[in-house]
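Since every read-out is calculated from the coordinates, none of them should be taken as a lab result. Only a predicted model underlies this, so the values are computations on that prediction, with no experimental measurement involved. When we count neighbours, we look across all protein chains shown, and the Cβ atoms used for this are built from the backbone with ideal geometry, even at glycine.
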Amino acid sequence: MLIAADFSAATVMVTFSGVLGKLSPLQYLLMTFFEVIIISTNQFIGEAKFGAEDEGGSMFIHTFGCYFGLALSWIMFFRNKTYNPLNHPHNITTYNSDTFSMIGTLFLWIFWPSFNGALADGAAQHRAIINTLLSIVASAGATFAVSGLFRGKFGMPEVQNSTLAGGVAMGTCSTMMIEPWAALLIGTCAGSLSTLGFIYLTPFLERTVKLHDTAGIHNLHGIPGLIGSFAGVFAALHASPDKYGDYVGYVFPHMGTSNETLAWELGLPEPGHDRSANTQGGMQAAAIGVTLGLAISSGLFVGAFLRIPVFDQPLRKDQFDDSHWWVEASPPSAESGSDKEDEEL
């Protein structure tokens, strides 16, 4: 339960990154309250009703958190010049902020395999770590290659984010029996498309639909999350008895045997439903559709609700500025120094 709660918190943090610097503390609190309920509902539908597998959260964590946040961000500032954050002078990075962000990227890159394999055990956990490591290595290489090719230099937004795209994209397939080349391909596609998203897609969405994405969650979580979710569909369609044998019930519980005695002998937690690979693939795809539909619709609803003036939405001049909500340390005055300290003593 603690790990499940951690995953729910991770989903909220994905959403939070899309609206960072644009809402009041009260709005963030209410957003979190509603989103956690909807996250649990979506996961219940996907896992309990559809029997979809998403061990590392490409679908239920990254895809949901991203499109919930984007929908909320768009509706909150739609045709609202008083609060619109586009082209805000404070929405910039600095050398120090980029440096500290890069430290966070290094930690995430190192520990992402353990995130994807946290709920697995035995051989499945070993596969999750190996598949994630292969994918995230491929995404890191693809990020530098594509960034250098299209920018002429390496861009910090891609290096901080797209290098992690392989970990996001491997969430659904992490415990599935896929070939090493497939893990490398998924990571390469995720890193490449994520990098192109930072270079071209984000500015395009800002110009055309006025969608402001503070931390680029569409490129780190949305695109790679969808890549991983659809990779899970193809992996499920190819979950043949020759590949999995009696082990299929461990990876896809609904594909396990419905015979209680045999399920007990195989050590399965509970009998399955004798589901075919085609049916499992269809259910994986259905879970993607429900996740997208529920994330976007609920994001629009919660965002419209949070626009009510009583929730103290910050004006444009107060966005991306901590001083409106936090007590800041005063900078040292010109008179401060050893001479003044000596006089006081």
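Numbers for the structure displayed
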{"read-out": "Additional length obtainable on full extension of the chain from Ser297 to Phe144, 0.36 nm per residue less Cα span", "value": "51.5 nm"}
{"read-out": "DSSP-assigned coil residues among trypsin sites (Lys or Arg not before Pro) in segment 145-211, each with at most 16 further Cβ atoms within 10 Å", "value": "Lys153, Lys210"}
{"read-out": "Under the Karplus curve 6.51 cos²θ - 1.76 cosθ + 1.60, θ = phi - 60°, whole-Hz ³J(HN,Hα) for segment 203-209, x wherever Gly or Pro sits", "value": "x, 5, 5, 5, 6, 8, 10"}
{"read-out": "Relative contact order, percent, the chain [alpha-carbon distance under 8 Å, six or more residues apart]", "value": "27"}
{"read-out": "Full-stretch length increase - Phe100, Thr32 - with 0.36 nm per residue and alpha-carbon distance subtracted", "value": "21.9 nm"}
{"read-out": "Neighbour net charge for Ala142 - beta-carbon separation under 15 angstrom, K R +1, D E -1", "value": "0"}
{"read-out": "The chain pair-distance distribution - Cα-Cα, 20 Å bins, rounded %", "value": "29, 51, 17, 3, 0"}
{"read-out": "Prolate/oblate/rounded label for segment 1-109 (Cα gyration tensor, a/c 1.5)", "value": "oblate"}
{"read-out": "Integer Hz, Karplus 6.51/-1.76/1.60 couplings in order for segment 263-268, x for Gly and Pro", "value": "4, 5, 5, 7, x, 6"}
{"read-out": "Relative contact order [Cα under 8 Å, 6+ residues apart], segment 88-219, whole percent", "value": "26"}
{"read-out": "Spatially close lysines, pair count over the chain: Cα under 29 Å, gap of eight or more or interchain", "value": "8"}
{"read-out": "Longest site-free stretch - the chain; sites: GluC sites (Glu not before Pro), DSSP loop, at most 14 other Cβ within 10 Å", "value": "1-327"}
{"read-out": "Additional length obtainable on full extension of the chain from His126 to Arg151, 0.36 nm per residue less Cα span", "value": "5.3 nm"}
{"read-out": "Calculated from backbone phi, Karplus (6.51, -1.76, 1.60) coupling profile of segment 39-49 in Hz, x at Gly/Pro", "value": "4, 5, 5, 5, 5, 5, 4, x, 8, 6, 8"}
{"read-out": "Nearest-0.05 FRET efficiency for Ile3 and Phe311, computed from C-beta distance (R0 35 Å)", "value": "0.65"}
{"read-out": "Per-residue [θ]222 nm for the chain (sum of -39500 (n - 2.57) over DSSP H runs n ≥ 4, rounded to 500)", "value": "-19000 deg cm²/dmol"}
